[in-house]
Structures are given as C-alpha cells and as structure tokens.
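Chemist: Quick one: this structure, given as structure tokens, is what I'll be asking you about.
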Amino acid sequence: MLGLKLPTDPRWVNIAEKNIKDILIDHAFCEQKAASTAISLIVSFPEYTELVQEMIALVKEEISHFKLVHDKLLENGWVLGRDRRDDYVLQLLTFFPKGGSRSTQLVHRLLYAALIEARSCERFRLLSEALEDKTLAKFYRDLMISEANHYTMFLKFARQYGDKKEVDKKWQDLLDFEAKIMTNLSSSKTIHG
C-alpha cells in the first residue's frame, strides 16, 4: 500500500526496542517537525485554500501526537532532551532541484512530506507488531493509522496541484532515491534512521 521500494531491515526493530527512550525522543521531534511542516505550507502557499484547511487540521493532530509521545517520555521518568540530526530527511531533501515555479515547489514539498509519512507509517507498523511492551505496541498501531492517512493526503494534494502523470513519475523516482538512502540506514536509534 505504501509503495516503498525497500522495506526496513527487520533488525531495526531490535535496535528500537533496546533503545526505546531514544526512539521516543526522536519520535517526539518527528511529530513536532510534522506540525512545523504543516505550518510552513500554510505560510508559503496561503492561496491554496483546501490545502490550508487540511494543514490547519494536521497541525492540531501532529501537535497532539507530540503531546502523546512527550507524555510517554514523562511516564517513564525521561525528559525530551535536544533534537538530533535526521540524516534520512536531510538526504531525502536533496533529491529535487531547488527553485522552479511555485506550483513545482509545492508539489516537491508535498511529495517529500508524503514519503516521510509513508516511512513513518511503515516503522510504526513494525513497532506495533514486534514490541514486547503491548501498551507501547498499541500506541504505535494507533499512530500508524494516522500516518497512513497523512501519506495519502499529501500524495493526493501533489496530484491535485501538479500534472498527475508528471507527479506520478516524480513520485516513483523519489521512491527509488529513498530506497538507496535506506540501504545505508536501519541501524540507528531513530524513527527514520
């Protein structure tokens, strides 16, 4: 369903389970960044009314997810700590050339967002199926459903605001690029790494 070309190495779940504090901290920052991305799309593309309306709802949802993850940290006696580099996202954002028309820039940002949400969804599914802590497994199952909805929403908007055939080609090319990135990841204590 997600269209990812390279599934996560199953050993990532073992790394995640042994380092759940680091995973939760990274996950909290991912939710915060997702809310920031939605705000950035509103600020950058205010003339796209339907997109703005959806991004307003997304900001609320993502910040509520941030709170849920932050609460999990607090339940365990942990603090959020400082944000860390997200090598996955930094590498991904090099794919499309900078510049171009406003509509091209919008489509590229929507495709990036769709892919990040798709990979998060896949990772949350793995956590929901493999974590021994059943409460945490259910927590990730519930969040996985939201991530799937976000992925499809961003992809739908990219196809709506760009030429569908061109957008689908860019999407497939981005998926191929992301698969190359993933060959060097799946060994760190982060949601995407």
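The values are calculated or read from the model by the stated rules, or taken from the named source; none is laboratory data. In this text the structure is predicted, and so the values were computed from the model without any measurement. Backbone-built Cβ (ideal geometry, glycine too); neighbour counts: all protein chains shown.
Chemist: Would you be able to tell me the number of residues in region 176-189 that are surrounded by fewer than 18 Cβ atoms within 10 Å (Cβ to Cβ) and either among the basic types (Lys, Arg) or not in a loop (DSSP other than H, G, I, E, B) (or both)?
Modeler: 5
Chemist: Follow-up. In region 81-96, which residues are part of a loop (DSSP other than H, G, I, E, B) and either at pLDDT 95 or above or touching a Phe, Trp or Tyr at 6+ places or on another chain (Cβ under 6 Å) (or both)? Walk me through it before giving the result.
Modeler: Our first condition is that a residue be part of a loop (DSSP other than H, G, I, E, B); within region 81-96, this holds for 81-86, 93-96.
Correct list: Asp83, Leu93, Thr94, Phe95, Phe96.
Chemist: Determine whether region 92-101 contains at least one residue that is touching a Leu at 6+ places or on another chain (Cβ under 7 Å) and within 17 Å of Lys156 (Cα to Cα).
Modeler: no
Chemist: It is to be established whether one or more residues within region 4-25 are of a type in the set (Ser, Thr, Tyr), modelled with pLDDT of 95 or more and either part of a loop (DSSP other than H, G, I, E, B) or in contact with a Phe, Trp or Tyr (Cβ under 6 Å, 6 or more places away or on another chain) (or both). Reasoning before the result, please.
Modeler: First pass over region 4-25, keeping only residues of a type in the set (Ser, Thr, Tyr): 8.
If we keep only those that are modelled with pLDDT of 95 or more too, we end up with none.
So far as region 4-25 goes, no, none of its residues is of a type in the set (Ser, Thr, Tyr), modelled with pLDDT of 95 or more and either part of a loop (DSSP other than H, G, I, E, B) or in contact with a Phe, Trp or Tyr (Cβ under 6 Å, 6 or more places away or on another chain) (or both).
Chemist: Go through the residues of region 75-83 one by one and say whether even a single one is more than 29 Å from Ala130 (Cβ to Cβ), without any contact (Cβ under 8 Å) to a residue 12 or more places away in the chain and β-branched (Val, Ile, Thr). Let's see the steps before the verdict.
Modeler: From region 75-83, those more than 29 Å from Ala130 (Cβ to Cβ) are none; that's our starting set.
Checked against the condition, which is being more than 29 Å from Ala130 (Cβ to Cβ), without any contact (Cβ under 8 Å) to a residue 12 or more places away in the chain and β-branched (Val, Ile, Thr), region 75-83 yields no hits at all.
Chemist: Also, I was wondering about something else. Being under 17 Å from Leu4 (Cβ atoms), small (Gly, Ala, Ser) and touching a residue at least 24 places away in the same chain (Cβ under 8 Å) is the filter here; which residues of region 108-140 pass it?
Modeler: Of everything in region 108-140, those that are under 17 Å from Leu4 (Cβ atoms), small (Gly, Ala, Ser) and touching a residue at least 24 places away in the same chain (Cβ under 8 Å) turn out to be Ala113, Ala114, Ala118, Ser120.
Chemist: Assuming Glu62 fulfils every condition listed in (1) among the acidic types (Asp, Glu); (2) under 18 Å from the mean Cα position of the chain (by Cα); (3) modelled with pLDDT under 95 apart from one, which condition is it?
Modeler: (3)
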